[in-house]
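The values are calculated or read from the model by the stated rules, or taken from the named source; none is laboratory data. Bear in mind that the values here come from a model prediction, so they are computed numbers and not experimental data. As a convention, Cβ positions derive from the backbone with ideal geometry for all residues, glycine included, and neighbour counts pool all protein chains shown. Heavy atoms of the whole protein, side chains included, go into the accessibility calculation; ligands, DNA and RNA do not. Shrake-Rupley method; radii C 1.70, N 1.55, O 1.52, S 1.80 Å.
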Amino acid sequence: MRRSSLACSMLVLSACFNPEDPPSTGGTDASTGDETPTSDPTAPTDPTAPTDPTAPTDPTETDPTATDPTDTDPTDTDPTDTDPTDTDPTDTEADSTDTDPTGVPAACADGNADPGELCLGEVTVFNVGIGAFDIAIANFGGAGLDIATLNRAGSTVSILSNDGVGGFGNADSHTVGDGSCRLKAVDGDGDDDIDIVISGDPIVTLNNDGAGDFDRVNAPFGAGGFGGCNPEHDLDVLNNGGGPIDIVFSGEYNNDFVAGISNASGWTFADNAIAVNNAGEGSAGVTVTELGYDVDDDPDVIQLNKYSTTGTIFRGNGNGGFVQDSTFSSCEDVGDPKDYIGSRWASAGDLDGDGQTDIITTCLLGSQEPASGFSMVFGAANGTFSAETVVAFDGAYRVVLPDIDLDGDLDMIVASSTANGVGIFLNDGTGVFAEPTVLDVGAPAYNVAVDDLNGDGALDIAIPHDTGQGGRVAVFFADP
């Protein structure tokens, strides 16, 4: 298959830093102009006749090979010709529209976020709560996009507020309780500001007042029903059928699959957690998406199981319910056959540009540790999925799918616990990915978020991690 191997087409670079270091606050035309005299246009055409080197240049000369400075023929080598479409082999002007094969293309650090560029500058590190694990980027009411981290060891959420130019002040901490696992940023109460949902024991929401101040609200259910926190616990949000936002999650004691919990205005809840289907013990990743072949506006859910190498598609029916649909292979061909392999978390998007939903699954061994790679399946218009394509990348935990180089296709950024950072896999537009560029943060990385944090038009990468001396967020700001 064309997708069975990775295209080795880019230079691997590693940006490293010491996690114990204190965090940071915060064309000229090369033509010479010499002209070569030309032959007298009135000279006889005797092929044996020598050319007079002293003959003057006829100012009415229209010979396209002449170097007459008044000649505007774009194919000539006139040093005064500034036509960006010319083919002057001596032109070194760094005009991004220059089609001269020897010209300098658009480059990093020129202030323009150009398609096809992967321009990452030095890492900037910010302090957050101990045990930084999960991350979300949203505008919580400040001067730009803010960063929220879920800090497992401290049972807190840290908010880093944007100063308007991509800098961040000291973290604002909110206690959310023991056993917290995952967070999502969403306007759950319909008041046009962004709130935070934290799943675990119990499920908690932080209700935003619009100015970035948060009030904690506990949902009336938790461990023993559908809450809890285990290494494969997952959380997503949807709006299946309109109305309030619902929470979709799997938990330590949830042997069914997911639960949808409708909230009303102000993040108040009814105790109406609903088990969906019966996938058996080991519920893991739950990912909300809209399937390309589904042709409706009702969110669908991809569900994984940590004891299985088969994923399941549940199609939303628009009334808050779900219908089990197709299945796909997930991690079946990853790892040594002697190792028990299961599925952890899924990401979904159109990787090959055919309008259909493709799925990436991270895998884990029987030891509950991440496997040595992850798998991809490509969707078809009839609702089926291809055989797996396996991608080697040790310790892969989560995958996000931004267009990191702004060339119109989805790339992969993979957080890894053993690579101590993330791998950036650039897409060639057909679902074939280059070897990864690795960003090293010096500590295991379990999640990653991508957005334009400083408003320069390029995407920045934020990686939460814990150093042993405290939680950190490493931000790799783009340098377009």
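If you go through region 188-218 and pick out every residue that is farther than 25 Å from Asp163 by Cα, surrounded by fewer than 18 Cβ atoms within 10 Å (Cβ to Cβ) and in contact with a Gly (Cβ under 7 Å, 6 or more places away or on another chain), you end up with 0.
Give region 398-431 a look and list any residue that's hydrophobic (A, V, I, L, M, F, W, C), open to solvent by 20 Å² or more (accessible area, probe 1.4 Å) and assigned to a loop (DSSP other than H, G, I, E, B), or say none.
Leu401, Leu406, Leu410, Ala419, Leu426
Scanning region 332-342 turns up no residue that is under 24 Å from Val237 (Cα atoms) and of a type in the set (Phe, Trp, Tyr). Scanning region 432-447 for residues that are open to solvent by less than 10 Å² (accessible area, probe 1.4 Å) and within 30 Å of Gly355 (Cβ to Cβ) turns up Phe433, Ala434, Thr437, Asn447. On the stretch given as region 167-187, residues that are surrounded by fewer than 20 Cβ atoms within 10 Å (Cβ to Cβ) and part of a loop (DSSP other than H, G, I, E, B) total 6. Among the residues of region 121-140, those identified as within 21 Å of the chain's Cα centre (by Cα) and among the aliphatic types (A, V, I, L, M) are Val123, Val125, Ala132, Ile135, Ala136, Ile137, Ala138. Does Thr312 qualify as being among the β-branched types (Val, Ile, Thr), under 30 Å from Gly408 (Cα atoms) and either surrounded by fewer than 24 Cβ atoms within 10 Å (Cβ to Cβ) or in contact with a Lys or Arg (Cβ under 7 Å, 6 or more places away or on another chain) (or both)? Spelling it out, Thr312 is indeed among the β-branched types (Val, Ile, Thr), under 30 Å from Gly408 (Cα atoms) and either surrounded by fewer than 24 Cβ atoms within 10 Å (Cβ to Cβ) or in contact with a Lys or Arg (Cβ under 7 Å, 6 or more places away or on another chain) (or both).
For region 329-344, the set of residues classified as open to solvent by 10 Å² or more (accessible area, probe 1.4 Å) and either in contact with a His (Cβ under 6 Å, 6 or more places away or on another chain) or not in a loop (DSSP other than H, G, I, E, B) (or both) consists of Ser329, Ile341, listed by residue number.
None of Ala113, Ala143 is open to solvent by 20 Å² or more (accessible area, probe 1.4 Å), within 17 Å of Asp213 (Cα to Cα) and either of a type in the set (Gly, Ala, Ser) or over 20 Å from the mean Cα position of the chain (by Cα) (or both) except Ala143. With respect to the conditions (1) assigned to a loop (DSSP other than H, G, I, E, B); (2) closer than 21 Å to Gly423 by Cβ; (3) open to solvent by less than 10 Å² (accessible area, probe 1.4 Å), Ser375 falls short on a single one, namely (1). Quick check on Gln356: is it at pLDDT 85 or above, surrounded by fewer than 22 Cβ atoms within 10 Å (Cβ to Cβ) and assigned to a strand (DSSP E or B)? Against the criterion (at pLDDT 85 or above, surrounded by fewer than 22 Cβ atoms within 10 Å (Cβ to Cβ) and assigned to a strand (DSSP E or B)), Gln356 does not qualify. Among all positions in region 418-427, there is no residue which is among the polar types (S, T, N, Q), more than 26 Å from Cys363 (Cβ to Cβ) and modelled with pLDDT under 95. Of the listed requirements (1) open to solvent by less than 10 Å² (accessible area, probe 1.4 Å); (2) among the charged types (D, E, K, R); (3) under 22 Å from Ser161 (Cα atoms), Asp466 misses just one: (1). Restricting attention to region 378-391, the residues that are in a loop (DSSP other than H, G, I, E, B) and touching a Leu at 6+ places or on another chain (Cβ under 9 Å) add up to 2.
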